[in-house]
Amino acid sequence: MGSRNVRPALPRPAAGGSSGSRLFGGPGGPRGEFPGGSTRRPVTEVCDAGDGRLPPVLPDTATTAPAPRRSEAAGVPEGEAAPLRTAEFTYTCTWQPAPLTAAAHDTPVGPVLILYTEAGRPLADAIAARHDADEVVHVELGTVTRQSAPGRWELDAAAPDAPAALRDTLPRPRTVYFLGGLRDAAKDSTAELDRAEESGVRALFRCARHLVIPSAATRETDWKVVTNDAWPVAGGRVANPYAAALAGMARVLENEHRRWSVPVVDLGLDGRLPGPGDPRRHELAALVTAEPAERGVRVAHRDGVRHRQALRPVTLPAAAAIRTGGTYAVVGGAGGIGLETARFLARDHGARVALIGRSPLDEDRRRRIADADPDGSRLLYVRADASDEDGLRAGLALVHERFGPVHGVFHSALDHTAAALIRNLDESALRAGLAAKTGVSVALASVFAAEPLDFLLFFSSAQSFLGDPGLAGYAAASTFQDAYAHALDQRLPFPVRSIDWGYWGTVGAVAGEGHRERLTRQGFRSISPREGWDTVLRTLAGPEAQVLALPAEEILLERLGLGGELRTHDARPAAPTPTARPR
């Protein structure tokens, strides 16, 4: 950790202690875990001295670039051979028991900043009590910006620049706790999503950009982002998937600041936060403060057991059947991967496909859709803002009028214009990037819930795990989609799946030679459209709600804790699930 001022750690309960627990040994990070351990080294080198440089953007999962012409006889783009699946490149996300060891951790000496909502105040106070030797500053995310008592502030959570007002007043933090993701279980709706993002991922962005980065961008800073019930750990219920977006942004924060660690700690509360008199708040505070300052770490506590998020290879089952002549909706369907999806549905399965997008049907889109549907009988472009439930319902009515009930939905939309380091990212761009995935996902679940769906499939991104610099909104939206797929899959009568895509090299905005060379150097290998469609069908046939599809070289797999020996010896097949087949 280098030379720094530390104070011996306070005694911890049995559930807490020290870290260093690795599920699988190996260089570059634990096998099957995210890179962490005792490292302070950056996963991705970026300049954090305030010059604002932005590394090149990494792969998108859907774009508006023209799709390549394809040979109908071969079923693949011209010049591209039909791929043979010689190696699996799919992984699934698990939560492995990972108790902390008995050795105590040093607790850094220095000011402590605790950011929380009113609902998180009891836990915030309990955490503060464990820092009785430090200067602790409480900042409650509320409705006004004011000092309420010595060491206590209220911050207007809805005001984008409010954190800047405190920047010259508060001490430079050595440790930051962010509790804005703590929420009681609530009804699923776009309005609830907006409230959760206001005190959660958007508040984290504002506090990081306007409050912490200006004072501590190049200083050693330990964050702990605390959520509850965001992941399906040990078979538990996902009661708060909205908080999962914080995990994606946390990963980007530490990749943009080489001296920061931003682990995420998810508490199993079954959707019920502890109140002021609840003794659980002290037990939970002990778990949170005991967590070591490791980079790239996501942990979850369930029934006294600490779990750590890990990836493991999975061999997907044979492809699921798609209804012949069925009706499907593809949101973002006029984009690169969305249009490829529609093309496969129409040509291989005789399906009728509604392409739902916000943009007007200009000449370029008309040309690409006509190329995919020469006689105009299979594809229908429906202009609608899919993040608006009323607009989406109006669009669905048009689909019913033309094609009838919908049997499957693909979410392939994104807004990839918001690429900027967090210190330079405009909040309107962040909101647009989030809405294209988070808002659309929630609206789809609401509007299409009454349809006779065989499945709902989200196209997410490998940035859920990588969190590369400049992609805060994209990574946050992707981790939300992953958790939301788990939550919906637990309660809806049809399968809900999320695929975290790697690099599609022949369609989309990164299909050019320059992108290809750069991404190849980083360890990405391209997914061909036929391989991608095969992965879609096999994912729909399997039981995994979340699948990472990432053909990659060792250098990239090591970043994810997926070394060669793990890929070779721990690839367990996923059994097919009958519920994924069409009714």
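The values are calculated or read from the model by the stated rules, or taken from the named source; none is laboratory data. Just so you know, these numbers come straight off a predicted model, no measurement behind them. Cβ placement follows ideal geometry from the backbone for every residue including glycine, while neighbour counts extend to all protein chains displayed. Each accessible area value is taken on the protein alone, full model and side chains, heavy atoms only, with ligands, DNA and RNA left out. Shrake-Rupley method; radii C 1.70, N 1.55, O 1.52, S 1.80 Å.
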Report task. Would you check if residue 123 is open to solvent by less than 20 Å² (accessible area, probe 1.4 Å), out of contact with any Gly (no Cβ under 9 Å at 6 or more places or on another chain) and farther than 24 Å from residue 218 by Cβ? Result -> yes
Query - Members of the stretch 217-227 that are closer than 22 Å to residue 199 by Cα and not polar (S, T, N, Q) - result: 222, 223, 224, 225, 226
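Filtering the stretch 518-527 down to residues that are of a type outside the set (Val, Ile, Thr) and open to solvent by less than 10 Å² (accessible area, probe 1.4 Å), which residue is modelled with the lowest pLDDT? Lay out the reasoning, then the answer.
To start, the set of residues in the stretch 518-527 that are of a type outside the set (Val, Ile, Thr) comprises 518-519, 521-526.
Right, trim to open to solvent by less than 10 Å² (accessible area, probe 1.4 Å) and you get 519, 523-524.
Values: 519: 83, 523: 92, 524: 92.
Out of the qualifying residues, it is 519.
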Report summary line: For residue 515, the lone unmet condition from (1) under 30 Å from residue 238 (Cα atoms); (2) open to solvent by 30 Å² or more (accessible area, probe 1.4 Å); (3) not hydroxyl-bearing (Ser, Thr, Tyr) is (1)
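Would you check if there is a residue in the stretch 254-266 being over 21 Å from residue 127 (Cα atoms) and open to solvent by 10 Å² or more (accessible area, probe 1.4 Å)?
At the first step, the residues of the stretch 254-266 found to be over 21 Å from residue 127 (Cα atoms) are 254-259.
Those still in the list that are open to solvent by 10 Å² or more (accessible area, probe 1.4 Å) too: 258-259.
Yes - at least one qualifying residue is present in the stretch 254-266.
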Query raised in the report: Taking residue 149, is it out of contact with any Ser or Thr (no Cβ under 8 Å at 6 or more places or on another chain), under 26 Å from residue 274 (Cβ atoms) and open to solvent by less than 60 Å² (accessible area, probe 1.4 Å)?
Result: yes
Query - Residues satisfying the stated conditions in the stretch 494-517, i.e. modelled with pLDDT of 95 or more and part of a loop (DSSP other than H, G, I, E, B) - result: 494, 495
Query raised in the report: Any residue at all in the stretch 159-167 that is modelled with pLDDT under 95 and touching a Ser or Thr at 6+ places or on another chain (Cβ under 6 Å)?
Result: yes
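Would you mention how many residues in the stretch 213-230 are outside any strand (DSSP E or B) and either surrounded by 22 or more Cβ atoms within 10 Å (Cβ to Cβ) or among the aliphatic types (A, V, I, L, M) (or both)?
Within the stretch 213-230, residues that are outside any strand (DSSP E or B) and either surrounded by 22 or more Cβ atoms within 10 Å (Cβ to Cβ) or among the aliphatic types (A, V, I, L, M) (or both) number 5.
Please state which one of 302, 298, 358 is open to solvent by 10 Å² or more (accessible area, probe 1.4 Å), more than 23 Å from residue 532 (Cβ to Cβ) and touching a Gly at 6+ places or on another chain (Cβ under 6 Å). Show your work before the answer.
On the way: 298 fails: touching a Gly at 6+ places or on another chain (Cβ under 6 Å); 358 fails: touching a Gly at 6+ places or on another chain (Cβ under 6 Å).
Among 302, 298, 358, only 302 is open to solvent by 10 Å² or more (accessible area, probe 1.4 Å), more than 23 Å from residue 532 (Cβ to Cβ) and touching a Gly at 6+ places or on another chain (Cβ under 6 Å).
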Requested in this report: Answer yes if at least one residue in the stretch 256-271 is closer than 30 Å to residue 420 by Cα and in a helix (DSSP H, G or I), and no otherwise.
Outcome: yes
Report summary line: For the stretch 181-195, pairs from a residue that is of a type in the set (Gly, Ala, Ser) to a residue that is open to solvent by less than 50 Å² (accessible area, probe 1.4 Å) and in a loop (DSSP other than H, G, I, E, B), with Cβ under 6 Å and 6 or more apart or across chains, are 181/200; 185/239; 185/271
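Mind listing just one residue for me: the one in the stretch 406-430 that is open to solvent by 70 Å² or more (accessible area, probe 1.4 Å) and part of a loop (DSSP other than H, G, I, E, B) and, of those, modelled with the highest pLDDT? Full working, then the answer.
At the first step, the residues of the stretch 406-430 found to be open to solvent by 70 Å² or more (accessible area, probe 1.4 Å) are 416-417, 424, 426, 428.
Restricting the remaining residues to those that are part of a loop (DSSP other than H, G, I, E, B) gives 416-417, 426.
Numbers: 416: 68, 417: 71, 426: 94.
Ranking the qualifying residues of the stretch 406-430, first place goes to 426.
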Query raised in the report: For the stretch 323-375, which residues satisfy the criterion of being among the polar types (S, T, N, Q) and under 27 Å from the mean Cα position of the chain (by Cα)?
Result: 341, 359
